[in-house]
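Only one structure is covered here, and it is reproduced in the block below.
The values are calculated or read from the model by the stated rules, or taken from the named source; none is laboratory data. Small disclaimer: the values here were computed from a predicted structure and weren't measured. Here the Cβ is made from the backbone with ideal geometry for all residues, glycine too, and neighbour counts use every protein chain on show. Areas reflect the complete protein model, heavy atoms only, side chains present, ligands, DNA and RNA absent. Shrake-Rupley method; radii C 1.70, N 1.55, O 1.52, S 1.80 Å.
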Amino acid sequence: MKVLVAVKRVIDYNVKIRVKPDNSDVDLTNVKMAMNPFCEIAVEEAVRLKERGVATEIVAVTVGPKAAQEQLRTALALGADRAIHVETDERVESLGAAKALAKLVEEEQPGLVILGKQAIDTDNNQTGQMLAALTGLPQGTFASEVVIDNDKAQVTREIDGGLQTVELSLPAIVTTDLRLNEPRYAKLPDIMKAKKKPMDVKSPAELGVEVASKVKLLRVEPPAERQGGVKVGSVDELVDKLKNEAKVIS
Amino acid sequence: MSILVLAEHHDGALAGATAHVVAAAQAIGGDIDVLVAGENVGAIAEAAAKLDGVSKVRVADNAAYAHLLAEPTAALIAELAGDYSHVLACASTTGKNVLPRVAALKDVAQISEIIAVESADTFKRPIYAGNAIATVQSEDALKVITVRTTGFDAVGEGGSAAVEAVDFVADNAQSTFVKEELAQSDRPELGAAKVVISGGRGMGNGDNFKLLDGIADKLGAAIGASRAAVDAGFVPNDMQVGQTGKIVAPDLYIAVGISGAIQHLAGMKDSKVIVAINKDEEAPIFQVADYGLVADLFEALPELEQKL
Ligand SMILES: Cc1cc2nc3c(=O)[nH]c(=O)nc-3n(C[C@H](O)[C@H](O)[C@H](O)COP(=O)(O)OP(=O)(O)OC[C@H]3O[C@@H](n4cnc5c(N)ncnc54)[C@H](O)[C@@H]3O)c2cc1C
Ligand SMILES: Nc1ncnc2c1ncn2[C@@H]1O[C@H](COP(=O)(O)O)[C@@H](O)[C@H]1O
């Protein structure tokens, strides 16, 4: 079974972001970028499926600027066999990404597509569900376990009240939650080998899709700052403040 | 304008979140219909009909919609969407699972987790784990939106909307429900509680979470956790507060043995009053805490329980 994995280049999750002075967007100049953490989990899951003999080939894909090839190389170093880069400098949001990915699903005919549940820049949490709609495939979102068996996928999903398990016919779309697995680090020899693995570059026009977002970003502002509070010296003082100053307990 | 709100419900009861989504719909303005989809949802529809501001409740009561699986539920909403300018749901795991699928079926964008309505097509939403607030404008004829309930005060319950059945039954041969393991708790729901007390990695193990129980009992609090505590297996995943867990904004949030990573802050920094108990005085959580207590939690918690 061929597995397609979608990875997105985003700001490193440890970086404290700054809003541009003109409020047009977040400032990404000279900021450390990385693979979205949920995509790392997606790549890891695909690699484990291959190690278990369930997956036969892993294709990593991204939609984004030239620099996003770095994240595809990371995916190749982690165990993907080849990569496809849909290159664009447009501001791509989930629907545009899903449209490009849907074309690649049509071309590649994978048995399973794994995406992250959420990109930590836009915090959208949409692309996998949209890809499922566009391809007419079933979806197992927020997965904490995926078991492939007899042309079916059993996906355990993290839902608000606990866990839910659904069974999906294949091909299917899966999005990863944090507890699906713990991603490995790429080893130096694998990083070297990854440089030689094949990477296809396509334009959205070649795929026949429009990827630019139709949602206009009018303004970006920092959130209201919280006033730093005080330190209390004892539990007694804490209880007193909560009762008599904040008045949140009685 | 006419707005369709997908009702959130659990265990045969309308969830409180729905009243917040109706409030967001009122902020947009226009006729508001509520869609109740599920199996044996008559009582839920009756409850939805009482929400202020609702003109009509549409009920899709069919085994096809049991557990609100994404494939049939999205097909149902897409079928009805032609009558509306907006489709709204709360940003629960159900809303997040279903609404992007609806949007793509209708070839429109989806706007996630709005916290404010500027106008019928312009909304505010947090990005980058809440470290920036974006104002976005949709040019699509149909706006498909999930609502962060903490952004909107719930509407009241003085209404008496008409209830009508929806006949459409979606085919679904692709997905089946297998099982659910839901956490059982007598405590208030995390998202709705007035007081939340959360434990982090500093709790040391799952057993020690019992130290929070007595305090939670006294304060009528829900118990939450950081991701580190969930990952370490101290507590189940549904207790995680943060960017990728639950978003809470109670009157009082008490963080115990939690360092205050931005991903955790994203889930709780809109709380009215924040208390942090941590033995490291440099812990970043103290930068957002109204009241910080530098102490060993194993000493502070029993004392706090006793003094409340
Ligand atoms: C993509 C992504 C998404 C994430 N989403 C979330 C999320 O939704 N929610 C979330 O919480 N995290 C999330 N995280 C993880 C986050 O980055 C932090 O790793 C996590 O919040 C740390 O949890 P913690 O504060 O419990 O643990 P630590 O950072 O290890 O802090 C433990 C604290 O306990 C204190 N302590 C230890 N012993 C005691 C004692 N005896 N008495 C008092 N204090 C003590 C220590 O001083 C320390 O400050 C996410 C990370 C990523 C990459
Ligand atoms: N531009 C993109 N290129 C490739 N994959 C993407 C892109 N945008 C989103 N994705 C995938 O969809 C997941 C969820 O993103 P989102 O729905 O935008 O929050 C990510 O973790 C990726 O797996």
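Numbers for the structure displayed
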{"quantity": "Charge tally in the Cβ shell below 11 Å around residue A:56, where Lys, Arg are +1 and Asp, Glu are -1, residue A:56 excluded", "calculated": "0"}
{"quantity": "In Å², nearest 10: area of residue B:185 left accessible to a 1.4 Å probe", "calculated": "80 Å²"}
{"quantity": "Accessible surface buried upon B-A contact (total; probe 1.4 Å; Å², nearest 100)", "calculated": "6700 Å²"}
{"quantity": "Degrees separating the helix A:69-78 axis from the principal Cα axis of chain A, which is the longest one", "calculated": "80 degrees"}
{"quantity": "Net charge contributed by nearby residues that have their C-beta within less than 11 Å of residue B:182 (K/R +1, D/E -1)", "calculated": "-4"}
{"quantity": "Rounded D (µm²/s) - chain B, Kirkwood Rh over Cα pairs, Stokes-Einstein at 20 °C, 1.002 mPa s", "calculated": "105 µm²/s"}
{"quantity": "Segment B:1-114: Rg to Rh, with Rh as the Kirkwood radius over Cα pairs", "calculated": "0.91"}
{"quantity": "Segments B:115-127, A:144-156 sorted - mean Cβ within 10 Å per residue, highest first", "calculated": "B:115-127, A:144-156"}
{"quantity": "Chain-alone versus full-assembly comparison, segment B:174-189, residues with accessible loss of at least 30 Å² (1.4 Å probe)", "calculated": "B:174, B:176, B:178, B:179, B:180, B:181, B:182"}
{"quantity": "Unit Cα scatterers, Debye sum, segment B:152-201: log10 I(q)/I(0) for q = 0.22 Å⁻¹", "calculated": "-0.98"}
{"quantity": "Listed residues A:157, A:9 arranged by accessible area, highest first, probe 1.4 Å", "calculated": "A:9, A:157"}
{"quantity": "For chain A, alpha-carbon Rg and Dmax in angstrom", "calculated": "21.2, 69"}
{"quantity": "Longest to shortest principal axis, alpha-carbon extents of segment B:8-69, angstrom", "calculated": "33, 20, 18"}
{"quantity": "Principal-axis tilt of helix A:37-51 within chain A, Cα atoms, nearest 10 degrees", "calculated": "40 degrees"}
{"quantity": "Shielding by partners - mean other protein chain Cβ count within 10 Å, residues of A:164-176", "calculated": "4"}
{"quantity": "Highest-MSF residue in chain A out of A:75, A:205, A:34 [GNM, Cα springs under 10 Å]", "calculated": "A:205"}
{"quantity": "Fraction of beta bridges assigned by DSSP in the protein assembly as shown that are antiparallel (%, nearest 5)", "calculated": "35 percent"}
{"quantity": "For segment B:191-206, 3J(HN,Hα) per residue [Karplus equation, 6.51 cos²θ - 1.76 cosθ + 1.60, θ = phi - 60°, Hz, x = Gly/Pro]", "calculated": "x, 10, 5, 7, 10, 10, 10, 10, x, x, 4, x, 5, x, 7, x"}
{"quantity": "Average beta carbon contacts from partner chains per residue of B:282-291, 10 Å cutoff", "calculated": "4"}
{"quantity": "Computed over segment A:130-242, Cα set: Rg, Dmax in Å", "calculated": "23.7, 69"}
{"quantity": "Reciprocal mean inverse distance between Cα atoms of segment B:204-272 - Kirkwood radius, Å", "calculated": "12.2 Å"}
{"quantity": "From the C-alpha gyration tensor of segment B:61-211, square roots of 5λ in Å", "calculated": "30, 24, 17"}
{"quantity": "Where the Cα pairs of segment B:38-102 fall when distances are cut into 10 Å bins, in %", "calculated": "19, 51, 29, 0"}
{"quantity": "Whole-Å semi-axes of segment B:155-308's equivalent ellipsoid (Cα gyration tensor)", "calculated": "34, 19, 15"}
{"quantity": "Among A:14, A:124, A:36, residue whose mean-square fluctuation peaks in a GNM of chain A (springs only between Cα atoms under 10 Å)", "calculated": "A:14"}
{"quantity": "Gaussian network model of chain B, Cα within-10 Å springs - most flexible of B:105, B:252, B:76", "calculated": "B:105"}
{"quantity": "Under 14 Å, Cβ to Cβ, from residue B:154 - net charge with Lys/Arg +1 and Asp/Glu -1", "calculated": "-2"}
{"quantity": "Number of partner chain Cβ atoms within 10 Å, mean per residue of B:121-127", "calculated": "4"}
{"quantity": "Among beta bridges that DSSP assigns inside chain B, antiparallel share in %, nearest 5", "calculated": "20 percent"}
{"quantity": "List of segment B:238-263 residues, accessible area with partners at least 10 Å² below that of the chain alone (1.4 Å probe)", "calculated": "B:238, B:240, B:243, B:244, B:246, B:251, B:252, B:262, B:263"}
{"quantity": "Kirkwood Rh and Cα Rg combined as Rg/Rh, segment A:80-204", "calculated": "0.98"}
{"quantity": "Crossing angle, helix A:94-108 versus chain A [Cα axis fit, 0-90 degrees, rounded to tens]", "calculated": "20 degrees"}
{"quantity": "Heavy-atom accessible area, 1.4 Å probe, ligands and nucleic acids excluded: residues of segment B:57-94 down by at least 50 Å² from chain alone", "calculated": "B:93"}
{"quantity": "Considering only chain A, percent of DSSP beta bridges that pair antiparallel, nearest 5", "calculated": "40 percent"}
{"quantity": "Rg and Dmax of segment B:228-308, Cα atoms only, in Å", "calculated": "12.5, 34"}
{"quantity": "Accessible-area composition of segment B:14-162, carbon plus sulfur, in percent [1.4 Å probe]", "calculated": "43 percent"}
{"quantity": "Heavy-atom SASA rank of B:140, B:52, A:240 (probe 1.4 Å, accessible area, largest first)", "calculated": "A:240, B:52, B:140"}
{"quantity": "Heavy-atom accessible surface of chain A: percent carbon and sulfur, 1.4 Å", "calculated": "48 percent"}
{"quantity": "Orientation-averaged projected area, Cα convex hull of the protein assembly as shown (nm²)", "calculated": "24.7 nm²"}
